[in-house]
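Comments concern the structure below.
The values are calculated or read from the model by the stated rules, or taken from the named source; none is laboratory data. A quick note: this is a predicted structure, and the numbers were derived from the prediction, not measured. Methodologically, a virtual Cβ is constructed for each residue, glycine included, from the backbone with ideal geometry; neighbour enumeration extends over all protein chains shown. Just the protein is used for accessible areas: all its heavy atoms, side chains included, with ligands, DNA and RNA removed. Shrake-Rupley method; radii C 1.70, N 1.55, O 1.52, S 1.80 Å.
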Amino acid sequence: MEIVKTLHSYFAYIVLLILILAVINALTGWLGKKEFRFEKDLRVSLFALILSHIQLLIGLVLFFVSANGLKAIQALGMGGLNAPARLLAVEHPFTNILAIALITIGWSRHKKKTDDTAKFKSIAIFYGLGLLLILSRIPWGQWLG
Ligand code: HEM
């Protein structure tokens with residue numbers, strides 16, 4: 001299903017961009033001890049949460065329809081996958097599920113905090129970790145190559 005892959009591929013730019021913005025915004029808010037404002041801070045973190053969940057859903061569909069996802073594991077077996085194939089079928093999907101779980105935890109922790117600096121800190125750490133995990137397992141060569 002080429003269309004799902006194309007969608008996932010273009011959506012990745014948007015997701016990475018908004019995640020980077022959300023992490024930078026949370027870091028400057030945390031370290032600068034800023035006030036957590038609804039219009040900017042809540043909005044950028046919520047957008048990042050929603051867009052990464054949409055990417056998660058597209059990714060899950062892709063995992064089941066793509067020849068490079070579950071089908072590759074079924075055809076070759078876990079041990080039969082070489083490194084690039086394992087990246088696409090195993091490492092990228094599972095690392096990103098974990099990353100988006102971390103982002104979701106950061107979001108719900110920030111909501112429970114009353115202190116503005118603690119809100120920024122929760123988002124900075126959990127979204128930041130999630131972003132690093134995502135960046136560590138992007139199939140860069142296939143995507144941009
Ligand atoms: C924020 C999270 C994610 C980002 C930024 C992301 C980004 C990408 C990118 C850039 C590619 C390469 C596309 C191309 O070659 O044009 C890709 C491929 C892929 N992604 Fe994701 N992805 C994310 C989450 C997920 C998740 C959660 C899953 C599955 C559960 C998933 C499954 C896949 C699969 C199976 C491929 C290989 C598709 C193929 O080669 O046919 N992705 N992803």
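Could you list, ordered by first residue, the pairs with Cβ atoms under 6 Å in which the first is in region 59-72 and over 17 Å from Gln142 (Cβ atoms) and the second is at pLDDT 95 or above and surrounded by 15 or more Cβ atoms within 10 Å (Cβ to Cβ), at least 6 apart or interchain? Close Cβ pairs (under 6 Å, with a partner that is at pLDDT 95 or above and surrounded by 15 or more Cβ atoms within 10 Å (Cβ to Cβ)) amount to Val61/Val4; Phe64/Leu70; Leu70/Phe63. The selection criterion, being under 27 Å from Thr114 (Cβ atoms) and open to solvent by 70 Å² or more (accessible area, probe 1.4 Å), does not hold for Lys5. Quick one: is Asn96 outside any helix (DSSP H, G or I) and either more than 16 Å from Ala22 (Cα to Cα) or of a type in the set (D, E, K, R) (or both)? When the stated conditions are applied, Asn96 does not pass them. Restricting attention to region 74-88 and to residues that are at negative phi and open to solvent by less than 30 Å² (accessible area, probe 1.4 Å), the residue that is nearest to the ligand (Cβ to nearest atom) turns out to be Ala85.
Being near the ligand (Cβ under 9 Å from one of its atoms), part of a helix (DSSP H, G or I) and more than 17 Å from the chain's Cα centre (by Cα) is a property that holds for Phe64. Residues that are under 18 Å from Arg137 (Cβ atoms) and among the charged types (D, E, K, R) do occur in region 85-99.
Could you tell me whether Ile14 is within 20 Å of Gly141 (Cα to Cα), out of contact with any helix residue (DSSP H, G or I) (no Cβ under 9 Å at 6 or more places or on another chain) and assigned to a helix (DSSP H, G or I)? Break it down stepwise before answering.
On the way: within 20 Å of Gly141 (Cα to Cα): yes; out of contact with any helix residue (DSSP H, G or I) (no Cβ under 9 Å at 6 or more places or on another chain): no; assigned to a helix (DSSP H, G or I): yes.
The answer is no for Ile14.
Only one of the numbered conditions (1) open to solvent by 70 Å² or more (accessible area, probe 1.4 Å); (2) part of a helix (DSSP H, G or I); (3) within 22 Å of Leu144 (Cβ to Cβ); (4) within 13 Å of the ligand (Cβ to nearest atom) is violated by Ile50, and that is (3). Looking at region 99-145, which of its residues are more than 9 Å from the ligand (Cβ to nearest atom), within 19 Å of Leu57 (Cβ to Cβ) and open to solvent by 60 Å² or more (accessible area, probe 1.4 Å)? Once the filter is applied, which keeps residues that are more than 9 Å from the ligand (Cβ to nearest atom), within 19 Å of Leu57 (Cβ to Cβ) and open to solvent by 60 Å² or more (accessible area, probe 1.4 Å), region 99-145 yields only Ile105.
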